[in-house]
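Okay, so here's the structure we're looking at.
The values are calculated or read from the model by the stated rules, or taken from the named source; none is laboratory data. Everything quoted here is computed from the prediction, not taken from an experiment. Note that each Cβ is placed from the backbone with ideal geometry, even for glycine, and that neighbours are counted across all protein chains shown.
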Amino acid sequence: MLEVESVTCGYGKISAIRNMTINIHRGELVALIGANGAGKTTTLRTISGLLKPTEGRISFKGEDITGASPRSILAKGIAHCPEGRRVFFHMTVQENLEMGSHLRHNRTEIAEDIDAMYVRFPRLKERRKQMAGTLSGGEQQMLAIARALMSRPELILFDEPSLGLAPNRVEQVFEIIGDIRSRGITILLVEQNALAALEMCDRAYLLESGEVRLSGNGEDLSKNPHVKAAYLGG
């Protein structure tokens, strides 16, 4: 479904990822793990069009999307739920959800999907007229996820969805991601909690210094001595 082939990308003259090759099959949940600065966020930003690769190729459903604009990539079915939630603080919950559907045109379907989000996230319904900046961190993360779903994506890129959340909210976010996956949406997950990511994923890639060092299914990587020592506290 998604193929990232020999991609190099970064900031100015600094390459944050080098010769990156990963692939994701339809319906999978694939995790990227690694230390801060390993290139995980850069990988997601490159896939979603926020950064332009200097080398390599990215294809989605067989179509070359290398260097395409974020708007074009979203229209093709890839949604990005960024680190830090990034909701529109000075807009209401309802307006944030509407912004998630800004590339769609069928107002009836959009209204139906907003209603469906309120069923899935009852707390957002309670807060629908409230400014997003006044929500708790967990509520903002729910809103960020719901906003991404409003584009009806086929693939969602999640960047550190549990970052800064209370333990009970972390568990809730992971449950939501598992539910999204069960509904047939493909997921690429960057997550600081490497153990949780490996437990819930189909496959994972370990990034170190901007390069893929290891790959395999979650169980195999969780048993790898290097992964255990460096990322799982064992």
Quick one: what pairs do we get from segment 28-41, first residue closer than 11 Å to residue 194 by Cβ, second aromatic (Phe, Trp, Tyr), C-beta under 8 Å, 6+ apart or different chains? 31/205; 32/205; 33/205; 33/231; 34/231; 35/231
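When the residues of segment 113-143 are filtered to those that are in contact with a strand residue (DSSP E or B) (Cβ under 8 Å, 6 or more places away or on another chain) and surrounded by fewer than 21 Cβ atoms within 10 Å (Cβ to Cβ), which remaining residue is farthest from residue 83 (Cα to Cα)?
Narrowing segment 113-143 to residues in contact with a strand residue (DSSP E or B) (Cβ under 8 Å, 6 or more places away or on another chain): 128-132.
If we keep only those that are surrounded by fewer than 21 Cβ atoms within 10 Å (Cβ to Cβ) as well, we get 128-131.
Details: 128: 23, 129: 24, 130: 22, 131: 20 Å.
This residue is 129.
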Looking for whichever is in contact (Cβ under 8 Å) with a residue 60 or more places away in the chain, under 14 Å from the mean Cα position of the chain (by Cα) and surrounded by fewer than 22 Cβ atoms within 10 Å (Cβ to Cβ) here; the options are 154, 211, 191. Which one fits? 154
With the requirement that a residue be surrounded by fewer than 21 Cβ atoms within 10 Å (Cβ to Cβ) and touching a strand residue (DSSP E or B) at 6+ places or on another chain (Cβ under 6 Å), what does segment 1-21 give you? 1, 3, 5, 6, 8, 10, 15, 18, 19, 21
With respect to the numbered conditions (1) in contact with a Gly (Cβ under 7 Å, 6 or more places away or on another chain); (2) buried (at least 17 other Cβ atoms within 10 Å of the Cβ); (3) touching a residue at least 60 places away in the same chain (Cβ under 8 Å), which one is the sole condition not fulfilled by residue 165? (3)
Looking only at segment 132-152, and only at residues there that are under 19 Å from residue 166 (Cβ atoms) and part of a loop (DSSP other than H, G, I, E, B), the one that is modelled with the lowest pLDDT: 136
Name, by its number, the condition in (1) in contact (Cβ under 8 Å) with a residue 60 or more places away in the chain; (2) assigned to a strand (DSSP E or B) that does not hold for residue 23. (1)
Report, by residue number, each residue of segment 23-39 that is crowded, with 19+ Cβ neighbours inside 10 Å and either more than 18 Å from residue 52 (Cβ to Cβ) or in contact with a His (Cβ under 6 Å, 6 or more places away or on another chain) (or both). 24, 29, 30, 31, 32, 33, 34, 38
Which residue pairs have Cβ atoms closer than 8 Å, lie 6 or more positions apart in sequence or on different chains, and pair a first residue in segment 80-91 that is at positive phi with a second residue that is modelled with pLDDT under 85 and among the basic types (Lys, Arg)? none
The listed residue being surrounded by 15 or more Cβ atoms within 10 Å (Cβ to Cβ) and either touching a strand residue (DSSP E or B) at 6+ places or on another chain (Cβ under 8 Å) or at pLDDT 95 or above (or both), out of 60, 89: 60
Meets criteria (of a type in the set (Val, Ile, Thr) and over 24 Å from residue 76 (Cα atoms)) for residue 170: yes
Across segment 205-234, what is the number of residues that are in contact with a strand residue (DSSP E or B) (Cβ under 6 Å, 6 or more places away or on another chain) and among the acidic types (Asp, Glu)? 1
Listing of helices (runs of 4 or more DSSP H) fully contained in segment 72-131 that carry 3 or more residues being over 21 Å from residue 169 (Cα atoms) and out of contact with any helix residue (DSSP H, G or I) (no Cβ under 9 Å at 6 or more places or on another chain): 107-120
Find the residue count for segment 43-69, including only residues that are out of contact with any Ser or Thr (no Cβ under 9 Å at 6 or more places or on another chain) and either of a type in the set (A, V, I, L, M, F, W, C) or in contact (Cβ under 8 Å) with a residue 60 or more places away in the chain (or both). 8
